[in-house]
């Protein structure tokens, strides 16, 4: 909860709802809703998406995250049930011991690199995935079929993690971590990660002193067409996941969507 200002003749209390709406409770008992400091854009075609993304082009410090459902919070997995309350440090150390057999080069990896690798391979962590590629985030937002608006968040973080001194489980702020090339997928996706010192708090519910945050809402009617347009521009499962799994998923989608990259026989 965040407190609002005081107007003449009434006292107001602001409650953040879904990260973008505040409710003022006035002294006379009436409610008034208004938008919070998260700037929001709505797009329903590629020209609109391009125009919005251009606003984040300079300076090139903005990162992007796509979410398939506009109602989802910016909350790390360890801040959600059933992981909430479980020691993610103990889980991470256990995962790291067992992951050693799968990692060829590991001598130069910091705990931050290990945590980024764990996040990338599906372990619940206190990290959130971001990308510096303004077209990769929209792809992740609309990749799955859903009957709801999607969202792309744009964020400018003011603190960058120093992996030489900070430990990921002791970091108490909101910050940005730029991983090394620990996985081809992370590199191909231009991946970076934010970390929440308190993973039970969503990013949008916290103070804006550590970051600037905007939200781009993609209309549900535009989801399928946007995925096709992004594929035309070379942003798809095969390019973002440079392995046989990614290629197979992409080929399957081209058949299902009739967006062939080859001429089918017959």
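Read-outs throughout are calculated quantities, based only on the coordinates presented, and are distinct from any laboratory measurement. Predicted, not measured: the structure shown is a model, and the values here were computed from it. Backbone-built Cβ (ideal geometry, glycine too); neighbour counts: all protein chains shown.
Calculated FRET efficiency, residue 259 and residue 132, Cβ-Cβ r, R0 25 Å, to nearest 0.05? Show your work: numbers first, answer last.
Numbers: r = 26 Å, r/R0 = 1.05.
The value I calculate is 0.45.
Using label points projected 7 Å from each Cα along Cα→Cβ, tell me how many nm separate residue 219 and residue 47, to one decimal.
Placing both labels 7 Å along Cα→Cβ, they lie 1.3 nm apart.
Figure the gain on full extension for residue 90 and residue 212 (residue separation times 0.36 nm, minus the Cα-Cα span) and round it to one decimal in nm.
Working: separation 122, 0.36 × 122 = 43.92 nm, distance 3.19 nm.
Stretched out fully, the residue 90 to residue 212 stretch lengthens by 40.7 nm.
Ordered by packing density, taken as the mean number of other Cβ atoms within 10 Å over each peptide's residues, highest first, how do 188-195, 77-84 rank?
On the way: 188-195: 22.1, 77-84: 14.4.
Peptide ranking by packing, descending: 188-195, 77-84.
So how much slack lies between residue 178 and residue 198, counting 0.36 nm per residue of separation and subtracting their Cα-Cα distance, in nm? Present the calculation step by step, with values, prior to reporting the outcome.
Details: separation 20, 0.36 × 20 = 7.20 nm, distance 1.95 nm.
So the extension gain works out to 5.3 nm.
Taking R0 as 35 Å, what FRET efficiency do you get between residue 188 and residue 61 from their Cβ-Cβ distance, rounded to the nearest 0.05? Let's see the in-between values first.
On the way: r = 21 Å, r/R0 = 0.60.
That gives a FRET efficiency of 0.95.
When ranked by the protection proxy of mean other Cβ atoms within 10 Å per residue, highest first, what sequence do the peptides 113-119, 214-220 form?
Values: 113-119: 22.7, 214-220: 19.9.
Going by the mean number of other Cβ atoms within 10 Å, highest first, we get 113-119, 214-220.
Give me 153, 41, 50 sorted ascending by neighbouring Cβ count inside 10 Å, so fewest comes first. Could you put the intermediate results ahead of the total?
Numbers: 153 22, 41 17, 50 12.
By the 10 Å Cβ count, ascending, the order reads 50, 41, 153.
Any idea how far the Cα center of region 81-96 sits from the one of region 166-211, in Å?
About 17 Å separates the Cα centre of region 81-96 from the one of region 166-211.
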